[in-house]
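*Asks:* Structure provided below as structure tokens; questions to follow.
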């Protein structure tokens with residue numbers, strides 16, 4: 001994929017987001033209610049994406065208020081949810097409402113080859 005195609009893909013993915021809420025590419029935002037383990041895992045995942053030259057948003061809201069993703073990778077059209085104490089119901093709602101595929105990562109899980 002050439003650079004122009006990659007930019008178009010990233011911009012198409014970004015159009016799913018309500019960037020009026022908050023948003024800067026490749027910046028890590030922390031939620032007020034996140035545990036230290038959750039915040040650290042989010043930073044670890046974002047670091048891995050950055051090292052692969054992938055672009056992402058954190059704590060981003062999908063248009064039409066379809067949910068708030070911990071991380072949304074523009075290159076892979078993938079929402080990444082870090083789970084610590086979330087209920088199964090909460091995860092199922094996200095899988096139903098998000099306009100893209102979701103990768104669930106536990107705070108205890110090794111990230112290594114997942115991304």
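Since every read-out is calculated from the coordinates, none of them should be taken as a lab result. What you are looking at is a predicted structure, and each value in this text was computed from that prediction instead of being measured. Please note: Cβ atoms are built from the backbone with ideal geometry, for glycine as well, and neighbour counts cover all protein chains shown.
*Asks:* Which FRET efficiency value, to the nearest 0.05, do you get for residue 33 and residue 77 by plugging their Cβ-Cβ distance into 1/(1 + (r/R0)^6) with R0 = 25 Å?
*Replies:* On the way: r = 27 Å, r/R0 = 1.08.
Approximately 0.40, to the nearest 0.05.
*Asks:* Quick check: residue separation of residue 25 and residue 4 times 0.36 nm, minus the Cα distance between them. What number comes out in nm? Could the numbers behind the result be given before it?
*Replies:* Numbers: separation 21, 0.36 × 21 = 7.56 nm, distance 1.77 nm.
Once the chain is fully extended between residue 25 and residue 4, it gains 5.8 nm.
*Asks:* Order of 56, 77 from fewest to most other C-beta atoms within 10 Å?
*Replies:* Details: 56 24, 77 15.
So the residues, fewest neighbours to most, are 77, 56.
*Asks:* When you take every Cα atom in segment 3-106, what is the radius of gyration, and what is Dmax, the widest Cα pair distance, in Å?
*Replies:* Both quantities, over Cα of segment 3-106: 13.0, 40 Å.
*Asks:* Given the rule -39500 (n - 2.57) for each run of at least 4 DSSP H residues, summed and divided by the residues of the chain, what is its mean residue ellipticity at 222 nm, to the nearest 500 deg cm²/dmol?
*Replies:* Working: 3 runs with 38 residues, N = 115.
The per-residue figure over the chain is -10500 deg cm²/dmol.
*Asks:* Pairs of Cα atoms under 8 Å, at least six residues apart: use those to get the relative contact order of the chain, whole percent. All intermediate terms of the calculation are to be shown ahead of the outcome.
*Replies:* Values: 164 pairs, mean separation 28.3, N = 115.
Answer for the chain is 25 percent.
*Asks:* Something else: What share of the DSSP beta bridges in the chain is antiparallel, in percent to the nearest 5?
*Replies:* Numbers: 9 of 15 bridges.
For the chain, the DSSP antiparallel bridge percentage is about 60.
*Asks:* How far, in degrees from 0 to 90, does helix 88-97 lean away from the longest principal axis of the Cα atoms of the chain, to the nearest 10?
*Replies:* 20
*Asks:* By how many degrees, 0 to 90 and rounded to 10, does the Cα axis of helix 36-51 deviate from the longest principal axis of the chain?
*Replies:* So the inclination is approximately 20 degrees.
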